[in-house]
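Input: a single structure, listed below in structure tokens.
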């Protein structure tokens, strides 16, 4: 190819920077996720998929008092007509709308297996049937009266509502949750009666404060009940800012079994907690001995939740037992309140309780005005037809004559002056003429002037009332108040299932029972293998006794402890891990890998294992020769991931005792310096212990200078070097060659 020939570029090819191209496309995706998928509309509380499901069910005429239809048919219509996404996702969304444990006021009435509180999935869509529930149908009242705007569907063949009329504040009543791009929402369900009461108060007092509205809306009302354990100040702050964290607990009661025995029965569990997983967690606490005061857990649930908890001893206080279970399981959860919604379907914003209610009330006013204008247009059209009917009645013979003999009856009706006898000009409009021509012969007998004039007068009276409604904002809010009261009477606390289910209590927390006190104190011998398998044998066995190991494995270390001890495992990654001795596997088997109990990385070795003792101090050192002293309180880890204490490749952990530190390097040079030259730290790299030209640190130990230095020779004899003057020096110096007879492995012990 010659240099002057330029290859032809495709017409649809454009050049732009990669960062701009990716940024624009990602922004488009983010906006689509925020507005069309994850965040609900503040007006009707629905996401597009839920709105389309309800509208499609209405189009299929699946009224609450009508027949059921296969869920597969509903999901197929939604997917084909309005929501071009996967049918599985649509069916899952519809199934949730029918679950009474997920929705405070289910919008869909399901027939068949729609899942349960255990966490089981709904049956396939071909096996279940559904129709609209009463609350779902109420959300769409007025759709045929131009109550909301419609837009073309995804392929332009049909239209769908932009938002539903929403006769009640569904956003707060049923809640919502979703994760968008860079933002999320999590709104709990509330009691419809309380929310409508707050709306009615806001109509009377538009400038009401959030704190005042909480006199009506006590807090969330979850479909699964439970007890909300928060004070009024925390709840008020959450609803004022739109963000907060609320504690929700299971409801329980003590059941007396006679003769001083009792058991605990859990009757309500927290919202969105799967009962099966909760029971598995409780059983795991018993099996791993993390809850020694709990003897057994049974699921005796039928229609209602009934989880039975048996204590190991009746001397335990039930409240303390439950406090310990609240801390260790999902019998207590934290619900993160985040009222992030789309205002007017366009702007995402974290709203307060007042702002959410205001968005709903403004929407109801818009719906009322649109329905009123629609009705006025219908009345005007009917009045025009009635005037034509009255003219036809008064001149019935002439009308029949024109229709019978004229070649063009419509033109004849339009050309006739029907008021000529009275000296006025009265002519029919095209609409009136068309209505007269389309009238059936049998309707002629119904053309009675009194009835026509009565209907006209009634419509004129209604028209005057509607015109007054449009021009008077007070009348508008009065009409909205009536509509809200009707919905409150239908679904409020006097209706079935309308009473508050979640109790709100600011009771003082009971301190959980101390598990260490409940553990029976027994001696054990802890054995760790080279491959990191650990077990605890009953009693204090000889540390050098023969024990079986897996093929290819062997002994690493053994120590005496008690079941009440907390064992501290020090890893070569510088982290400390806590292992309760009573939770270790028994000595009958070959043990379990310690890495299943704590998050010790595969590339990290076990440096040391010892019982934790309060007030003891430890010397930590790395292979590079750095170290410091740490207090026992600073190494206790609370989680499986451990606690980072020493930064570096950890080498040793020694109990601090005496007044000096002796260290030896890989070059066999030994240094002894005062203990107070090492700093006491909670975490860090430490300071230089000994200076090395080549290699690093081999070992270090604490000692009392006047007692000399002891080490064990290869023959088993213990040798003492009483005069250590030759090796005394300042910290971080090189030291001198170790005394004759010092072990070849450069270890003090």
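The numbers here are math on the coordinates, done by the rules we state, and not lab data. Everything quoted here is computed from the prediction, not taken from an experiment. Don't worry about glycine lacking a Cβ; one is built from the backbone with ideal geometry, like all the others, and counts go over all protein chains shown.
The table for this structure:
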| item | result |
| --- | --- |
| Average projection area in nm² (convex hull over Cα atoms of the range 46-165, one quarter of hull surface) | 6.9 nm² |
| 10 Å binning of all Cα-Cα separations within the range 200-339, expressed as whole percents from 0 upward | 11, 35, 27, 16, 8, 2, 0 |
| Residues 201, 239, sorted so that the one with the fewest Cβ neighbours within 10 Å comes first | 201, 239 |
| Gained length - residue 313 relative to residue 411, 0.36 nm times residue gap less alpha-carbon distance | 25.3 nm |
| Where a label projected 7 Å from the Cα of residue 394 along Cα→Cβ would reach, residues of the range 400-439 with amide N under 15 Å | 416-429 |
| Cβ crowding within 10 Å averaged over residues, with 670-676, 574-580, 706-712 ranked highest first | 574-580, 670-676, 706-712 |
| Label-point gap, in nm, between residue 749 and residue 401 - each point 7 angstrom along Cα→Cβ | 12.9 nm |
| Cα gyration tensor shape of the range 251-330, rounded if a/c is under 1.5, else prolate or oblate by comparing a/b with b/c | oblate |
| q = 0.21 Å⁻¹: log10 I(q)/I(0) that the Debye formula gives for the range 677-749, counting C-alpha atoms only | -1.12 |
| Reduced Cα scattering model of the range 555-632, Debye log10 I(q)/I(0), q = 0.11, 0.27 Å⁻¹ | -0.32, -1.54 |
| Estimated distance in nm for a label pair at residue 15 and residue 298, the labels positioned 7 Å out from Cα along Cα-to-Cβ | 7.9 nm |
| Förster radius 30 Å - calculated FRET efficiency between residue 462 and residue 434, Cβ distance, rounded to 0.05 | 0.80 |
| Helix-only mean residue ellipticity at 222 nm for the chain, each DSSP H run of n ≥ 4 adding -39500 (n - 2.57), per residue, nearest 500 | -9500 deg cm²/dmol |
| Cα centroid separation, the range 676-696 to the range 297-369 (Å) | 52 Å |
| Inter-label distance for residue 704 and residue 624, nm, one decimal - labels placed 7 Å from Cα along Cα-to-Cβ | 3.6 nm |
| For the range 109-176 versus the range 710-743, the gap between their alpha-carbon centres in whole angstrom | 83 Å |
| Mean Cβ neighbour count within 10 Å, used as a protection proxy, ranking 164-173, 47-56, 531-540 highest first | 164-173, 47-56, 531-540 |
| Modelled FRET efficiency - R0 22 Å, residue 68 with residue 100, Cβ distances, 0.05 increments | 0.85 |
| Near-label residues of the range 600-628 by backbone N, under 20 Å of a point 7 Å along Cα→Cβ of residue 644 | 600-608, 620-628 |
| Diffusion coefficient, µm² s⁻¹, Stokes-Einstein with Kirkwood Rh over alpha-carbon pairs of the range 613-749 at 37 °C and 0.692 mPa s | 214 µm²/s |
| Contour minus Cα-Cα distance for residue 232 and residue 596 (0.36 nm per residue) | 126.8 nm |
| Whole-Å distance, taken between Cα centres, linking the range 402-432 and the range 540-614 | 107 Å |
| Extension gain, residue 712 back to residue 28 (0.36 nm per residue minus Cα-Cα distance, nm) | 238.9 nm |
| Efficiency of FRET from Cβ geometry, residue 287 and residue 61, R₀ 56 Å, rounded to 0.05 | 0.55 |
| More than 42 angstrom apart: percent of Cα pairs within the chain | 57 percent |
| Packing rank of 79-90, 179-190, where each peptide gets the mean count of other beta carbons within 10 Å, highest leading | 179-190, 79-90 |
| Order of 599, 544 under a 10 Å beta carbon neighbour criterion, fewest first | 544, 599 |
